[in-house]
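Input: a single structure, listed below in C-alpha cells.
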Amino acid sequence: MAVPVAAAASGNVEFIRARSDKREYRRVVLPNALECLLISDAETDKAAACMEVGVGSFSDPEGLEGLAHFLEHMLFYASEKYPGEQDYTKYISEHGGSSNAFTSSETTNFYFDVNVDNFEEALDRFAQFFIKPLMSQDAVLREIKAVDSEHKKNLLSDGWRMYQLQKHLASKDHPYHKFSTGSWETLETKPKERGLDIRLELLKFYEKYSANLMHLVVYGKESLDCIQSLVESLFSTVKNTDQRSFKCPSQPLAAEHLQLLVKAIPITEGDYLKISWPVTPGIQFYKEGPCRYLGHLIGHEGEGSIFHIIKELGWAMDLSAGSGSDSTEYSFFSVSMRLTDSGHEHMEDIIGLVFKYLHLLKEDGIHEWIFDELVSVSETEFHYQDKVHPISYLMMLNLRVYFIRYILLLLDFRFCSITMFLPVSLGGYNDKMRVLLHAIMKQIVNFEVKPNRFSALKETSVKDYQNFNFRQPYSQASYYLSLILEEKKWPLVEKLQALSTLEADSLAKFVPHLLSKTYLECYIQGNIEPGEAESIVQEIEDTIFNTPNSLFKSMSPSQYLIKRVIMLENELKCYYQIEGLNPKNENSSIVQYIQVHQDDAISNIKLQLFSQIASQPAFNQLRTVEQLGYIAGLSLRSDRGVWALEVVIQSTVKDPSYLDVRVDEFFKTFESKIHELSDKDFKRNVKSLVDSKLEKFKNLWEEADFYWGEIEAGTLKFDRIESEVALLRELKKDEFIEFFDQYIKVDAPQRRTVSVQVFSGNHLAEFKKAIVEAEPPKTYRITDIFGFKRSRPLHRSLKGGPGRITMD
C-alpha cells in the first residue's frame, strides 16, 4: 500500500561551519516529525548514517533491566523487507563498510558507513530497523546469551565495576541507580518467574521507538536535494506514535549521597583516587564552558599546579579533570588520579590539596585572559580541524568533539644494543613545532635519573606487569601468541623479575651503555619545505650526538639488531594450552593463527580479499548462530611483515578445545562457499576492496600512520596502495580459489597453524584432559615456548639498518 508523503519541512537553522569545511548542510523535518541533518560532501568516498533514538536504559521497565540494550542487539537480525538473518551486517561488510550501536542512559545510537556506490541500498536496510524489524523467538533466546556474555566480560573490569558502584550509591528513586547492561538473569530467569514473555515485552518496548523521538544524520556524496529525496523516500514511513521523551528527574545524588568516602578493592593492582561532584550539564552552558575552564586549571601540570606538587612528592602518576555525562539533566565533574603506594598513604592530604586549590580558584575569581586564551584555542581547533572519516564525523557531531589540523613529526629513537625503542611524536602548528622539538631534544640529551621519580615509575611499572594476570583471556592468548612468534621478545615474568631488583643508581650507571649505540629514524610531513625538513633532521642529529657531554653515540650498521618472526611448518597444527591467570574469570579463550606469507603484493591482496569475504560469515556463525561468546571474529594480522589470519573467541559456555574444533569446522563449511563463489560475487568483493584501498587519507595523521608503518616494518612500499589495486583489478577468481586451497583450507598443503588456548577456572577439567591426550596426526603440543622457537627457522627481516631514505 502506498503511503502519501507530504513535503518535508526545512528548519531555519544557521550552520556555523569551520573555515576549512567545504561540506554543505541542511536540516529537514519529515512529515512524521523525524528530524534529519543532511551533509553533502562531493569529495567523500564513504557514505554514512547515524540514528539517535530518544530511548535508552533509563526507559527500561522495572524488573527488566537491560531491555533497551537487548533491543539494540535485536534490531541487527532481520526485517520484514530483508528477512535473511544478518542481511544488514553482511551487506555492509561486503561493501567496504562497518556498523555498530550503543545504548546510553537516555538514547540509543545506531550507525554505519559503506562505499558511496552502495549507500542507497545500505540506507534502505538501515531504515528497516525503525520500520518493521523481525524478532523471532529463536533469535531472542540466542541474543539474550550474547548480552549475558557481554555482561560476564565486564564483571572483572574495574572500569565497569566502579561505574556500577557509583550508580549503586545514587538515589534509588533515580534511574541512574539501575543496572543497564542486562544479563541472563534480568532478561530470562526473572521474567519467566514473573510469567512474562520476554519477546512480547521486547515488542511492547519497541513501540517507544517513535519518529518524533528520532534524530537522523546522513552523510553522502550526492547533492543535498538528492540526499533529501532519498531520506524522504526511506524514512517517512517510520511510525510516529507521538511518544513523550524521557525526562530525567535532575540530579541522581541528593544531600545524603554527598560527602561520602567510598573505598573499594580493585581487581587489578594499583590505587586510584576519584573525587566527583554533581554539576549542571555543560550542554546548558556550552558557550561559556565553565567546566572546561575549571578542568583546564585543575588538570594543569606545570609549576604551581596540583599535579606538579603531588608528582614531586611522589604521590601520583597522572591527573585528569573535567565533566562528563550522557544526560542533558545531570552531570559530574571529576578529578581523577593514579596514586603511588605513598600517595595512597597520603590520600587525605591529596584531597585536602584539591579542595585548597578549589578554594584558591574561588577566591581568585575568573581571569578574563585565561578565558580568552581558551576561546582562542577553541576557535583555532574548530576552524582548522582535520577532516575525518564520515562515520567518525557523525559520532563527533553527537559528542561535540573538535579536532586540530596538524603538521606531524615522528621520531614511534632506537637504542639498538638491547633493541629498545623510544618514540617521540609531535603534532601541532608548524610555526612553533621546531621550538617545541628543540626543547624536548634538550631534555632527552640532559636526561638524569631522579630517585623519587624512579621509585614511582618502577612501582607503577611493576603493578602494570602484575596486572597482566587480570587481562581478558583473549588478550592473554594474543600475548602468548606474540611470545611464540617473535624471535626476540622477553616474557613478562622475566621483565617483572628484573624490574623488582632494579634501583635508581643501577639505571643511572646503565644509561651511558644504553645510549652508546643509537640510531635515529625520522619522518616529517606537513606544511614544510623539503629543505627545512632536512634541516630539522640535521638539528636533531647535532643535538643528540654533538652536544658537549652528550651520552648519545652513533651506531654502525653492523651493530643493528633485528627482530624476526618464526616460520611455522606446513601441514602442522601447533597447540599451546595454558590455565587462565585469574581463577575468578569465567571466560576461556582461543586465538587460532594461520600463518600465510611474508609481505608480497599479490599474496597480500588474495589474503585481504579472503578476510573481507569471510569475516562477516565467521562472526555470524561463531557468535550469532552458535553463541560461542560475545567476542568472536576473524581478522588479518601482520607481525613484522608476516601476514596471517586469526580467529578470536572468548567464551564462558565452551572450553577452548571445543572452540578450536568449531573454528576448524567453520573453515571446512566455508570451503564450499569459496569454491561456489559466483563471478558476480567475486567481482563485487574485488570492487569493494579496491574502493576501500582507494579511500583518500582524511588527514595528516592517517597519511603519516601509513608511511610511518612502512618505515617501521621495513617494507618501504610507499606505492603499496597503487600496486595492490592494479593487481586486484587483474586478479582472476581461479587464482584466488587456488590461493585458498593452497594456504587456508583445513587440509591445505601449506597451511601453518598455531592454536593458543587459555582455559578458565570453569574449564579446568577440560584443561587437565586436553594436556594428557595423545597428539592427533599432524599436530604438535607446545610445552616449552622458547625451546619451540629455537627449533624453528626464521622469516627474513624486512628491516634494514641505519641509512637515509628520501621520498620525493
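Test SER615 against the stated conditions and say whether it is farther than 20 Å from LYS153 by Cβ and surrounded by fewer than 18 Cβ atoms within 10 Å (Cβ to Cβ). Considered against the rule, which asks whether it is farther than 20 Å from LYS153 by Cβ and surrounded by fewer than 18 Cβ atoms within 10 Å (Cβ to Cβ), SER615 comes out as no.
Taken over the stretch 357-372, the residue count meeting the criterion of being small (Gly, Ala, Ser) and surrounded by 12 or more Cβ atoms within 10 Å (Cβ to Cβ) is 0.
Just the residues that are touching a helix residue (DSSP H, G or I) at 6+ places or on another chain (Cβ under 6 Å), within 16 Å of ASP660 (Cβ to Cβ) and not in a helix (DSSP H, G or I), please, taken from the stretch 598-646. Hits for the stretch 598-646 are LEU628, GLY629, ILE631, ALA632, GLY633, LEU634. For the stretch 162-178, taking the residues that are within 25 Å of PRO191 (Cβ to Cβ) and out of contact with any Phe, Trp or Tyr (no Cβ under 8 Å at 6 or more places or on another chain), the one that is surrounded by the most Cβ atoms within 10 Å (Cβ to Cβ) is identified as HIS174. Looking only at residues in the stretch 217-235 that are of a type in the set (A, V, I, L, M, F, W, C) and either open to solvent by 10 Å² or more (accessible area, probe 1.4 Å) or at pLDDT below 95 (or both), which one is farthest from the chain's Cα centre (by Cα)? In this case the residue turns out to be CYS226. Among the residues examined, PHE235 does not qualify as aromatic (Phe, Trp, Tyr) and farther than 20 Å from ALA122 by Cα. In the set PHE371, PHE333, only one residue is part of a helix (DSSP H, G or I), farther than 21 Å from SER455 by Cα and of a type outside the set (Lys, Arg); that residue is PHE371.
Within the stretch 294-305, the residues that satisfy the criterion of being in contact with a strand residue (DSSP E or B) (Cβ under 8 Å, 6 or more places away or on another chain) and either over 30 Å from THR328 (Cβ atoms) or in a loop (DSSP other than H, G, I, E, B) (or both) are GLY299, GLU301. Of the residues making up the stretch 66-101, those that are open to solvent by 40 Å² or more (accessible area, probe 1.4 Å), farther than 10 Å from ARG125 by Cβ and among the charged types (D, E, K, R) are GLU80, GLU85.
Residue-wise test of (1) over 16 Å from SER276 (Cα atoms); (2) within 29 Å of the chain's Cα centre (by Cα).
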residue	(1), (2)
LEU294	no, yes
ILE298	no, yes
LEU313	yes, no
ALA321	no, yes
GLU329	yes, yes
PHE332	no, yes
MET337	no, yes
ASP341	yes, no
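Go through SER506, SER461, SER500, SER482 for me and flag whichever is under 30 Å from TRP643 (Cβ atoms), hydroxyl-bearing (Ser, Thr, Tyr) and out of contact with any Ser or Thr (no Cβ under 8 Å at 6 or more places or on another chain). So the residue among SER506, SER461, SER500, SER482 that is under 30 Å from TRP643 (Cβ atoms), hydroxyl-bearing (Ser, Thr, Tyr) and out of contact with any Ser or Thr (no Cβ under 8 Å at 6 or more places or on another chain) is SER482. In summary, MET433 fulfils each of the numbered conditions (1) under 27 Å from GLY641 (Cβ atoms); (2) surrounded by 14 or more Cβ atoms within 10 Å (Cβ to Cβ) with the single exception of condition (1).
Cβ-Cβ contacts under 7 Å between residues 6 or more apart (or on different chains), taken from a first residue in the stretch 481-508 that is farther than 25 Å from SER638 by Cα to a second residue that is outside any loop (DSSP other than H, G, I, E, B) and small (Gly, Ala, Ser), are listed as LEU499/SER461.
Do we find a residue being of a type in the set (Val, Ile, Thr) and surrounded by 15 or more Cβ atoms within 10 Å (Cβ to Cβ) anywhere in the stretch 447-455? Taking every residue of the stretch 447-455 in turn, at least one turns out to be of a type in the set (Val, Ile, Thr) and surrounded by 15 or more Cβ atoms within 10 Å (Cβ to Cβ). If you go through the stretch 651-692 and keep only what is polar (S, T, N, Q) and in contact with a Gly (Cβ under 9 Å, 6 or more places away or on another chain), you end up with SER651, THR652, SER688, SER692. Screening VAL661 with (1) hydrophobic (A, V, I, L, M, F, W, C); (2) assigned to a loop (DSSP other than H, G, I, E, B); (3) open to solvent by 60 Å² or more (accessible area, probe 1.4 Å) gives one miss only, at (2).
VAL218 fulfils the conditions (1) under 25 Å from SER392 (Cα atoms); (2) part of a helix (DSSP H, G or I) except for a single criterion, (2). Of everything in the stretch 382-393 that is open to solvent by 40 Å² or more (accessible area, probe 1.4 Å) and assigned to a helix (DSSP H, G or I), the residue that is nearest to VAL217 (Cα to Cα) is SER392. Filtering the stretch 267-293 down to residues that are open to solvent by less than 50 Å² (accessible area, probe 1.4 Å) and assigned to a loop (DSSP other than H, G, I, E, B), which residue is nearest to SER334 (Cα to Cα)? Top of the filtered list is PRO281.
How many residues are in contact with a helix residue (DSSP H, G or I) (Cβ under 6 Å, 6 or more places away or on another chain) and open to solvent by less than 40 Å² (accessible area, probe 1.4 Å) when one looks only at the stretch 463-482? Qualifying residue count for the region: 1. Of the helices (runs of 4 or more DSSP H) entirely within the stretch 480-580, those holding at least 1 residues that are farther than 30 Å from ASP741 by Cβ and of a type in the set (Phe, Trp, Tyr) occupy 504-515, 530-546.
Exactly one residue out of GLY195, GLY182 is of a type in the set (Gly, Ala, Ser), farther than 26 Å from GLY97 by Cα and crowded, with 19+ Cβ neighbours inside 10 Å: that is GLY182. So in the stretch 497-542, with the set limited to residues that are among the β-branched types (Val, Ile, Thr) and open to solvent by less than 50 Å² (accessible area, probe 1.4 Å), which one is nearest to PHE447 (Cα to Cα)? Restricting to residues being among the β-branched types (Val, Ile, Thr) and open to solvent by less than 50 Å² (accessible area, probe 1.4 Å), the top hit is VAL511.
The values are calculated or read from the model by the stated rules, or taken from the named source; none is laboratory data. All figures in this text were calculated on a predicted structure; none of them were measured in a lab. No Cβ is skipped: glycine too gets one built from the backbone with ideal geometry, and neighbour counts run over all protein chains shown. Quick note on the areas: whole protein, heavy atoms, side chains included, nothing else; ligands and nucleic acids left out. Shrake-Rupley method; radii C 1.70, N 1.55, O 1.52, S 1.80 Å.
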